[in-house]
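Here the structure comes first, spelled out in structure tokens, and everything after it is commentary.
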């Protein structure tokens, strides 16, 4: 009987979460919503959080003198207060002081004053910006018990399985002391174990894993509107049993800019492959037709929006080619000229806007998507609306079967379904408006524990990529001779491989960290802060070439040699499409008051500039003059303008996903 009641409770909580239909306000409603949100959170602004952190500090010495038994009893009393919802500000400050002491005893790490400010901001439902190296993991782990006590289940989202597993293990002793259970959901987690892990108090996982399980529950529950009908639907299904996730209660998002903003543009889709792909031949024929058209006279490419537009000559040529295909046994689809033109446009987009080692890479004969923000492989994802098949046809690979969508949801919509949401990142301040309008979460910038000592060197701008790469290698060699460790950031796998070849030609030993070497990531990052050893001539300073995946969630720690030589030098080989990503990478240097420096190299042939300022790029590239521009201030302004245009385009894309979600909710409620 008890087990049945428990199962009904789980189903009830799951259904209650699904009844929430968050809608993003628009126009005047958006203005009113943001004003109301800021008003409701005004009591917990930075000044108030500092005052609360000072009150937490007053309990520090008393907590330190407690015996283990006394500390456990005090934690138990606070847990009871939070579970009953009777906590006031004094109780919150005392509870945080106790979890801080528990962290000191169980992990050997004692949070700084600024980490207390961050933990309080998280508890009050804010998105916090803490610079790289300021200890976000520890900050989140002392706030998590307070949230989990109050809300029963807390999902902690991070960017990859490695960090989810690492943090669940490293924080387990702290959570156990706070009378909480913890687990991690990863790609390797056995399906039979998932329900028991979701039943725990604190669950670490990636957005993909937890959102996919939430959608699988939706598929199994069908159109049920009551616990009884949902249970009957599940028992009649192949799997039986209850839902995996017992409702959405609270979420804490690590690396919030990546998870809430960058990932937000990608809807997660649960689909099943049809038995055979009837369109395979048509995709191959479309790829062949696209290769026969001439850019300019026949079609134009919008690289910013990744669209192809056929011109009159191109349409006439295509229709003639359709007729020849049909007369030689081509696919019947070419009789429908509009549909045929649509397939060719998709093939043109695949040919000109999706490039191997940039947007994807071929691994074991399959097209694997590469995350353009982090450089990581996304092996379980595919592009929608025939784009994935068009890329496969372009590369001459086996065409994977088109898939039937069973359920879909954007990450933006998923996170807005949580009654409580907070997050932390190193670069939230660059996305304040979006955090506030989409998620109704205020952003708080947490002061650093020590002043940032990193030196920002002037940007260097070149006419051609070739001149830029030559100067980059010269700069790396110069800094390397000083005995300093160097982290070089690239935007794509192809760029990291190119730079590796150039460094090899100079005899400069280095490590490459991109999606091809993701298993070695932790080891590479551990060595990335090593300077030249004075006692061992064979031990040179580390040179690490990386896409933006470089150790997100892990710190590059300097050894003594690296610190004495001047600290970590970060060199960006081009600007990213979002300033946040540049700041995230540069923030690897100068952590916790360490010395360091950073510099950005650009050329007018970089993708960012040619996509968002194409006419000016052509003028500057062809204008006579030296290889390197001397007016750095003007070029910096122009590149920042191109970056702002890219950011605006990305924001529009994310807004389109939200509108699509609202449409699906209204017209196809069973899909999401």
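Can you report the principal axis dimensions of region 453-639 using only the alpha carbons, biggest first, rounded to whole angstrom?
52, 33, 29
With a Förster radius of 30 Å, plug the Cβ-Cβ distance of residue 45 and residue 91 into 1/(1 + (r/R0)^6) and report the FRET value to the nearest 0.05.
E between residue 45 and residue 91, to the nearest 0.05, is 0.90.
Estimate the FRET efficiency between residue 627 and residue 315 by the formula 1/(1 + (r/R0)^6), using the beta-carbon distance for r and 30 Å for R0, to the nearest 0.05.
Result of the calculation: an efficiency of 0.10.
Per-residue counts of other Cβ atoms within 10 Å, averaged by peptide: what ranking do you get for 344-356, 127-139, 181-193, highest first?
127-139, 344-356, 181-193
Which order, highest average first, do 46-54, 565-573 follow once you tally other Cβ atoms within 10 Å for each residue and take the mean per peptide?
With the highest mean Cβ count within 10 Å placed first, the list reads 565-573, 46-54.
Classify region 277-401 as rounded, prolate or oblate, taking a ≥ b ≥ c as the square roots of the eigenvalues of its Cα gyration tensor: rounded when a/c is under 1.5, otherwise prolate if a/b is larger than b/c and oblate if not.
Note, shape of region 277-401 comes out oblate.
Could you tell me whether region 358-471 comes out rounded, prolate or oblate from its Cα gyration tensor? Rule is a ≥ b ≥ c as square roots of the eigenvalues, rounded for a/c under 1.5, then prolate if a/b exceeds b/c, otherwise oblate.
Verdict is oblate for region 358-471.
With each pseudo-label sitting 7 Å past Cα toward Cβ, what's the residue 445-residue 107 distance in nm, one decimal?
2.6 nm
Which of the peptides 140-150, 91-101 is most tightly packed, and how do the rest follow, judged by the mean count of other Cβ atoms within 10 Å per residue?
The densest-packed peptide leads the list: 140-150, 91-101.
Note down the nm distance, to one decimal, between modelled labels 7 Å out along Cα→Cβ at residue 32 and at residue 199.
4.5 nm
Which whole-number percent gives the relative contact order of region 55-129, counting Cα pairs below 8 Å spaced six or more residues apart?
For region 55-129, the relative contact order is 33 percent.
Values quoted throughout were computed directly from the atomic coordinates according to the rules given, and no laboratory measurement underlies them. Since we're looking at a predicted model, the values are computed, not measured. Glycine also receives a Cβ, built like all others from the backbone with ideal geometry; neighbour counts cover every protein chain displayed.
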